[in-house]
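The values are calculated or read from the model by the stated rules, or taken from the named source; none is laboratory data. A quick note: this is a predicted structure, and the numbers were derived from the prediction, not measured. Don't worry about glycine lacking a Cβ; one is built from the backbone with ideal geometry, like all the others, and counts go over all protein chains shown.
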Amino acid sequence: MRPLDADGFEQHRPVLLGLAYRMLGSWWDAEQVLAETWLRWHDADRAALAEPRTWLVTVATRLALDQLRAARHRRETYPGTWLPEPAPIGRQVTDPAETARQRETLSLAALRLMERLTPPERAAYLLRETFDLPYAQIAQTLGVSEEDARRLHERAADHLGEDRARFAVDTVEHRLLAERFLAAAASGDRDALEAMLAEEVVLWSDGGGRARAALNPVVGAPKVARFITGVANAARVQWRVAEVNGGPAAIVATGTGWQLLTWETEGGHIVGIQLLSNPEKLGALVTHRP
């Protein structure tokens, strides 16, 4: 392998990995896309590439689209709720030059919400909102007209609607609520928990058929508070705060395994909770056991 092979590819790795991960919501699948992109790069006539970054982004996007289409069927038949896989703690996921808006689409809330988009809509939305590409380049990447690229982006934004406010995680309100929530959960204070929850709060629980989890979303402040206190009252439960996908989270150790808890906030209340207990998705957290 020539040194130029690695040097030319490695400088774009953060962008490519960040794009693939946002497209797929799965760290494992994103790394597979990155490996296949590397093979395409290795075999390409790089001297003929006027803009290597544009070429690499196009290849990675198309490979991620193929992966996402294949994953859709698996996720539709998934036992219970499918939640995105967190990025490994301590691993570089983002380009250091990324803006706050770009980092917002890395949150687990954003990755969950983007599951409601079609694969082309998701690609158009990310390429425009996260990487600020012009519609002409998005059209070329997706193999559609420029007008169709614009429509895909607009449809994606419409489907996400006001829920896009949940993408923002690096706010004082979010972190203060998270700290209060953890304190109440750790003490089993159901009343304090319920007071922090929006009336129609939703809790999504993902065990993947490999760990105990609610098969359907839990809706409403009383039910969610009762569910969380049930987790907190489990034998030998321990809580540890960590930063996951750019936002605060709790790694929870119970007598039966590990869980990851993240929150979505709006208007001073918690409006969504993701509880991940599928061990296949929690391997990256093993070094942060409480």
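Observations, loosely collected:
- Test for Arg240: is it outside any strand (DSSP E or B) and either modelled with pLDDT of 90 or more or basic (Lys, Arg) (or both): no
- In segment 96-198, counting only helices (runs of 4 or more DSSP H) that sit wholly within it, none holds 3 or more residues that are of a type in the set (Lys, Arg) and more than 23 Å from Val15 (Cα to Cα).
- Arg212 being of a type in the set (Lys, Arg), assigned to a strand (DSSP E or B) and either touching a residue at least 12 places away in the same chain (Cβ under 8 Å) or not assigned by TED's automatic domain parsing to the domain that holds Thr105 (or both): no
- Residue in segment 267-276 that is farther than 16 Å from Ala109 by Cα, touching a residue at least 12 places away in the same chain (Cβ under 8 Å), touching a helix residue (DSSP H, G or I) at 6+ places or on another chain (Cβ under 7 Å) and of a type in the set (A, V, I, L, M, F, W, C) present: no
- Yes/no for Arg13 being touching a residue at least 60 places away in the same chain (Cβ under 8 Å) and touching a helix residue (DSSP H, G or I) at 6+ places or on another chain (Cβ under 9 Å): no
- Of the criteria (1) under 21 Å from Pro84 (Cβ atoms); (2) at pLDDT 85 or above; (3) of a type outside the set (A, V, I, L, M), which one Gly283 fails: (2)
- Flag for Arg22 being modelled with pLDDT under 90, surrounded by 20 or more Cβ atoms within 10 Å (Cβ to Cβ) and assigned to a helix (DSSP H, G or I): no
- Considering (1) hydroxyl-bearing (Ser, Thr, Tyr); (2) out of contact with any strand residue (DSSP E or B) (no Cβ under 7 Å at 6 or more places or on another chain); (3) surrounded by 15 or more Cβ atoms within 10 Å (Cβ to Cβ), the lone condition that Ser145 does not fulfil carries the number (3).
- For segment 243-267, a tally of residues being within 22 Å of Glu200 (Cβ to Cβ) and either modelled with pLDDT of 85 or more or among the charged types (D, E, K, R) (or both) returns 6.
- Of the criteria (1) farther than 30 Å from Arg74 by Cα; (2) modelled with pLDDT under 95, which one Arg164 fails: (1)
- Meets criteria (in contact with a His (Cβ under 6 Å, 6 or more places away or on another chain) and in a helix (DSSP H, G or I)) for Arg53: yes
- If you filter segment 57-101 down to residues that are in contact with a Gly (Cβ under 8 Å, 6 or more places away or on another chain) and of a type in the set (Asp, Glu), you find that the one that is modelled with the lowest pLDDT is Asp95.
- Hits in segment 160-176 - residues which are in contact with a strand residue (DSSP E or B) (Cβ under 9 Å, 6 or more places away or on another chain), surrounded by fewer than 20 Cβ atoms within 10 Å (Cβ to Cβ) and among the hydrophobic types (A, V, I, L, M, F, W, C): Ala165
- Qualifying positions in segment 112-134 - among the aromatic types (Phe, Trp, Tyr) and surrounded by fewer than 20 Cβ atoms within 10 Å (Cβ to Cβ): Phe131
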